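Participant: Below are the structure tokens for one structure; questions will follow.
The values are calculated or read from the model by the stated rules, or taken from the named source; none is laboratory data. All figures in this text were calculated on a predicted structure; none of them were measured in a lab. Note that each Cβ is placed from the backbone with ideal geometry, even for glycine, and that neighbours are counted across all protein chains shown. Side chains are part of the model used for accessible areas, which takes the heavy atoms of the whole protein and leaves out ligands, DNA and RNA. Shrake-Rupley method; radii C 1.70, N 1.55, O 1.52, S 1.80 Å.
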Amino acid sequence: MNRQMIEDTLYPTCPIRNILARISDKWSLLVLYTLDKTDKETIRFKELQREIPDISQKMLTVTLRTLEEDGYVTRKVYPEVPPRVEYRLTARAHSLLPCIDTLIQWALENKDAIMKDRKRAVLPA
């Protein structure tokens, strides 16, 4: 999938659809949240991968690149052997975090009722 060209076919210039398509995938919000919840200002790739154990190395790489392209994350490579790469949130990401926190709080408050409704929808009447 070409993540740079995510656009809505009917409304290609719609900023809401374009931006939400980039950050509402399976991993982006979780990566941003995880980068924020660590007590460190920067985090290395392997540390981040340990914090999100069910993400593959490839998906973490793709997600971080997308977040970097959109200005949510900065990446710094140190010229060492082996190479050391650190990630940090940008001011843009920090401005998005209150929205993510609100969404997480809403999910926690509504999770039980949503799961109950899902079970009811699956059970035969």
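Participant: Tell me yes or no: at least one residue of region 102-113 is within 24 Å of D39 (Cα to Cα), surrounded by 12 or more Cβ atoms within 10 Å (Cβ to Cβ) and of a type outside the set (V, I, T).
Facilitator: There is at least one residue in region 102-113 that is within 24 Å of D39 (Cα to Cα), surrounded by 12 or more Cβ atoms within 10 Å (Cβ to Cβ) and of a type outside the set (V, I, T).
Participant: Still on this structure, please answer the following. Check every one of the helices (runs of 4 or more DSSP H) wholly within region 30-125 and list those with 1 or more residues that are in contact with a helix residue (DSSP H, G or I) (Cβ under 7 Å, 6 or more places away or on another chain), of a type in the set (S, T, Y) and at pLDDT 95 or above.
Facilitator: 57-69
Participant: Within region 11-29, restricting attention to residues that are modelled with pLDDT under 90 and basic (K, R), which residue is least open to solvent (accessible area, probe 1.4 Å)?
Facilitator: For region 11-29, the residue satisfying everything is R22.
Participant: Related question: Among the numbered criteria (1) loosely packed, with under 10 Cβ neighbours inside 10 Å; (2) within 17 Å of L35 (Cα to Cα); (3) among the basic types (K, R), which single criterion is violated by R92?
Facilitator: (1)
Participant: Could you tell me how many of the residues in region 69-93 are in contact (Cβ under 8 Å) with a residue 12 or more places away in the chain and not hydroxyl-bearing (S, T, Y)?
Facilitator: 13
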